[in-house]
Amino acid sequence: MAICQYCGNEFVPSKYAGGRQRFCSKKCKDKWDYENPKYPPVVCKYCGKKFIPKEANRTTYCSRECAFAAKAKKCRTCGKVITGSQSDYCSDECKEKANNREIKCIVCGKLFRGKTGAKYCSDECRKEKERQRAREKYHLYEVEISTRGLPIVTTFHSKTARPLVCEKMSPMMLKGGERIASKRGNI
């Protein structure tokens, strides 16, 4: 005779358990397992329901339905679930809406209508961004000095040229159209 660890009733253990049976029934074992979980309760990442995982590596979703629903492909425009399709959109209307949304140009800040992923409103803005990247890549800096009211733009390479690099020229650093040395001693 053995005593059930959940309800305290006496029972005859199964001859196949080898003397290790601790519960009188599956119902008592399930109740004990529920009240004394191996792993702490976690929250399902899809539905938000609290659940007790049966295995250590099953701590993300409470059920297969939640796991499949979370991994389902959704339309980029309206969010509907897409089934059996390679497209990112559920319909041609959603695709058209996505391709005609207002986007802000990263160079001039003007709003324009363009396809998803567009960054520039015009070829001029795209070319200006390319020039900026080239200047950054080769450490080129443009300095504007006004002489007798006419602006002169000069480009310097940071390693070979001596004029100020990476600094804005202030009016105190200019005298009569000529650049004078700064406090750091740049010439």
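The values are calculated or read from the model by the stated rules, or taken from the named source; none is laboratory data. For clarity, every value in this text was computed on a predicted model and none was experimentally measured. All Cβ positions, glycine included, derive from the backbone under ideal geometry; neighbour counts span all protein chains shown.
Side notes on the structure shown:
- Meets criteria (touching a residue at least 24 places away in the same chain (Cβ under 8 Å), over 30 Å from GLU128 (Cα atoms) and out of contact with any strand residue (DSSP E or B) (no Cβ under 7 Å at 6 or more places or on another chain)) for ALA70: yes
Results for (1) loosely packed, with under 14 Cβ neighbours inside 10 Å; (2) farther than 30 Å from ARG113 by Cβ, shown as yes or no for each residue.
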{"residue": "CYS4", "(1), (2)": "no, yes"}
{"residue": "GLY18", "(1), (2)": "yes, yes"}
{"residue": "SER25", "(1), (2)": "yes, yes"}
{"residue": "LYS45", "(1), (2)": "yes, yes"}
{"residue": "GLY48", "(1), (2)": "yes, yes"}
{"residue": "LYS54", "(1), (2)": "yes, yes"}
{"residue": "THR59", "(1), (2)": "no, yes"}
{"residue": "ALA67", "(1), (2)": "no, yes"}
{"residue": "THR77", "(1), (2)": "no, no"}
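- In region 39-62, the residues that are over 25 Å from LYS29 (Cβ atoms) form Cβ pairs under 6 Å with partners that are of a type in the set (D, E, K, R) and assigned to a loop (DSSP other than H, G, I, E, B), at six or more places apart or across chains, as follows: THR60/LYS45.
- Number of the exception - GLY48 against (1) at pLDDT 85 or above; (2) on the phi < 0 side of the Ramachandran plot: (2)
- Top-ranked residue in region 72-96 [being acidic (Asp, Glu) and either part of a loop (DSSP other than H, G, I, E, B) or at pLDDT below 80 (or both); ranked as farthest from the chain's Cα centre (by Cα)]: GLU96
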